[in-house]
Amino acid sequence: MIRRRRDRGIALIIVLFLSALLTLLMYTFLREMQVEYGLATSIGKEAQARHLAWSAVEKASVVLAAQTTPVAGPSSTWFDDPDEWYEIELGDGVYSMIHSTPEADGKLRYGMMDEASRFNLNSIPKEILLKFPKCTEEIADSIIDWRDADENPQAAGAENTHYQSLPKPYRCKNGPFTTVEELLLVKGMTPEILYGEDWNQNGLLDANENDGDKSPPADNSDGVLDFGFISFLTVHSYEPNVSNGGQPRADLNSATPEQLQQALGNVLNPQELGQIPLRRPYPSVAHLLPAIPMDKWKQIVDRVTTMPGPMGPPLVNVNTASKKVLEMIPGMTADDVAKIVAHRTQEGADLSTVGWLADALQGAEQQPQAVQKLQQIVPYLTTRSFQFRFDVVARIGPKSEREATSTAVKTMDLSGPPPPARVMKRLIVILDRGQGGAGRIVYARDVTRLGQPYPIEEPLSGE
């Protein structure tokens, strides 16, 4: 009897042990399933956010395709319009397109950016490079050596001999830059110089960019955002060498009298047409002045060129470039920039050709000075854009921080991790429309690692 009771006690202990073990195994299994479910949900939301971001790219492409002119300026519908590009709801998420600009106004625009508002890294002269923040003779010369085809170093530059002598050697490219980030391979360049303090590339002074050495990046905590090279450069800008209406331009340096008559005869008289071949060569279209009256020059400036071939050089769009970019143009003063910015923001201003600069820069008694100024700055400028940057932010999940917190609390299961409340994707895509049609994507990069670039409770528009 005693032995039977003992056996029953042992059996009970074994049953309790097995029950506890099974319970533990089941708990572990459920825990793993929760983790797997959370991961699957997160992956699904990431895919949704990625597709949402590309939907915004498609919308932007359609908007650009509807443009009837390549002329771009502050009044363009894509330039800054929070109603169209800030926190736009689509499906289970929202998307925005940000327009960061190297201006010290602490404001973020919402819309597309045109690449012509920046200097082209593959053609920018040393004179302008030396005006960049923290640029040295070594960096400027090394940039030129990296992109030129020869092995002859500039005075402070570097060719293959230098790069092959590094602990981890590589070759000097001796060809055009493919991306702006490629600058990190150039002698003298550092991430701090390339990116400045704006490491998340949103054009805003964030807390971590104004706290000294407390958190990356290193900054001087002076309350002013220091921009790096990347804010002023592109490798994707160029424009077809045709008029705004798509007609071939007359080359001032080679056109026959018949060609000049056909292109300009409805504006210029025979004497003025006859003077054009006699004054060759023309460094720029502005050098038609002062032989051609200013009012007539403004009418014909879009019809002529000094560059042979179907493609023109990369130029800076004076209608959209930031003040910091304009101030780097050789011959441009701060007063000139102030006049240009004031003129281009006037209601109804005609910004279709660089001819409008004559109105912005000259007074009634200042035509000689205006002519000289135009001859200095026009060789670098255009009013058109053919390549566009889409900096897209897409989120799946709650629309605001308050809603995200509320959702996380309500759905939290204390026996496992809370489900992801929000998933964000950020893409930078560049579309080239210089060949006509809907355009083609020439650059696409996932920059989600840079984080949410703006507070999501309310827009920080320049409006």
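The values are calculated or read from the model by the stated rules, or taken from the named source; none is laboratory data. Bear in mind the structure is a predicted one, so any value in this text is a computation, not a measurement. Positions of Cβ are generated from backbone atoms using ideal geometry, with glycine treated the same way; all protein chains shown enter the neighbour counts.
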(request) Identify the residue in the stretch 126-181 that is more than 16 Å from Pro314 (Cβ to Cβ) and β-branched (Val, Ile, Thr) and, among all such residues, is surrounded by the fewest Cβ atoms within 10 Å (Cβ to Cβ). (result) Thr161
(request) From (1) over 29 Å from the mean Cα position of the chain (by Cα); (2) at pLDDT 95 or above; (3) among the hydrophobic types (A, V, I, L, M, F, W, C); (4) over 22 Å from Ser352 (Cα atoms), pick out the condition that doesn't hold for Ile300. (result) (4)
(message) I want to confirm something. Restricting to the stretch 431-446 and keeping residues that are part of a loop (DSSP other than H, G, I, E, B) and surrounded by 16 or more Cβ atoms within 10 Å (Cβ to Cβ), which single residue is modelled with the highest pLDDT?
(response) Arg433
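Going through the stretch 305-334 one residue at a time, which ones are among the hydrophobic types (A, V, I, L, M, F, W, C), surrounded by fewer than 18 Cβ atoms within 10 Å (Cβ to Cβ) and touching a helix residue (DSSP H, G or I) at 6+ places or on another chain (Cβ under 8 Å)? Before the answer, list the steps.
So the first thing to find is which residues in the stretch 305-334 are among the hydrophobic types (A, V, I, L, M, F, W, C), and the list is 307, 311, 315-316, 318, 321, 325-326, 328-329, 332, 334.
Keeping just the survivors that are surrounded by fewer than 18 Cβ atoms within 10 Å (Cβ to Cβ) gives 307, 311, 334.
Answer for the stretch 305-334, where residues must be among the hydrophobic types (A, V, I, L, M, F, W, C), surrounded by fewer than 18 Cβ atoms within 10 Å (Cβ to Cβ) and touching a helix residue (DSSP H, G or I) at 6+ places or on another chain (Cβ under 8 Å): just Ala334.
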(message) Just the residues that are among the hydroxyl-bearing types (Ser, Thr, Tyr), part of a loop (DSSP other than H, G, I, E, B) and under 30 Å from Ile193 (Cα atoms), please, taken from the stretch 230-262.
(response) Ser237, Tyr238
(message) Looking only at the stretch 65-97, filter to residues that are aromatic (Phe, Trp, Tyr) and not in a loop (DSSP other than H, G, I, E, B); which one of those is surrounded by the most Cβ atoms within 10 Å (Cβ to Cβ)?
(response) Trp85
(request) Please work out which residue is nearest to Leu315 (Cα to Cα), limiting yourself to the stretch 189-229 and to residues that are touching a residue at least 60 places away in the same chain (Cβ under 8 Å) and not in a loop (DSSP other than H, G, I, E, B). (result) Phe229
